[in-house]
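One structure is given here, and the rest of the page talks about it.
Just so you know, all these numbers are worked out from the coordinates, no wet-lab data involved. Keep in mind that what you see is a predicted model, and the values were worked out from it rather than measured. Counting neighbours? That spans all protein chains shown, and the Cβs are built from the backbone with ideal geometry, glycine included.
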Amino acid sequence: MMKQQDGRMAGTSVSESLHIAATPSRIWEAVSDLPGMGRFSLENTGGRWLSSHDGASVGARFRGTNRHGPASWSTTATVTRCEELRRLEFRVTYFGIPISTWSYEIAPDDDGATLTESWTDQRPAWFALISSPIRADRSGFTRTSIRHTLDSIAGWATEK
């Protein structure tokens, strides 16, 4: 793992793609429903929109809940990019500490769309060290988790 001069982690990102035989609108319905993402994830258990937000839009904030074994925690996500039916991106913080950026990109084609989920670690180096007992191999787990999420969204999106 590389370290930037300001003490933040750099060079750690994971991205996976999956073709899904569903409409972009069906896929968007899944990825833009942040409170419902827990049904697709290995670690996220859901959450709720904060303030007056009730859906994905730039600036919307979301409280996400997570669990790994006996450990549970919540984070705050802020939507930084929202292009309906195409791309959703949000930045995650923990008590104001940058944690990560997540994005979902939908690329339509003739028989559905390819969904790409990406994660970039933005934790300060000191935070990565203290959080390692919860998840020692964050990037390895995240790759597995993204594959699980993509497969779960595909199953949900293609249900009749």
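Things worth noting here:
- Local electrostatic count at Ser15 - Lys and Arg +1, Asp and Glu -1, tallied over other residues with Cβ under 10 Å: -2
- For segment 26-46 and segment 65-104, distance of Cα centres in Å: 11
- Entry note, the chain: the mean residue ellipticity at 222 nm calculated from DSSP H runs of n ≥ 4, each adding -39500 (n - 2.57), is -6500 deg cm²/dmol after division by the residues and rounding to the nearest 500.
- Signed unit charges on C-beta, dipole axis of segment 13-157, positive-most listed residue Thr93, Met37, Ile153: Thr93
- By the count of neighbouring beta-carbon atoms within 10 Å, fewest first, Asp54, Asp110 end up ordered Asp110, Asp54.
- Computed about the Cα centre, the dipole magnitude for the chain is approximately 720 debye when only Lys and Arg (+1) and Asp and Glu (-1) carry charge, each at its Cβ.
- At R0 = 22 Å, FRET efficiency that the Cβ-Cβ distance of His68 and His19 yields, to 0.05: 0.15
- The slack in the chain from Arg48 to Trp126, taken as 0.36 nm per residue of separation less the alpha-carbon distance, amounts to 25.2 nm.
- Environment charge at Gly36 (Cβ cut-off 12 Å; Lys +1, Arg +1, Asp -1, Glu -1): 0
- Degrees separating the helix 138-157 axis from the principal Cα axis of the chain, which is the longest one: 20
- The 3J(HN,Hα) values that the Karplus relation (6.51, -1.76, 1.60; θ = phi - 60°) gives for segment 51-66 are, in residue order, 6, 8, 6, 9, x, 6, 7, 4, x, 5, 10, 9, 9, x, 10, 9 Hz. Gly and Pro appear as x.
- Among 95-107, 65-77, the order from most to least packed when residues are scored by Cβ within 10 Å on average: 95-107, 65-77
- P(r) for segment 13-157, from all Cα pairs and a bin width of 10 Å, is 12, 44, 34, 9, 1 %, short bins first.
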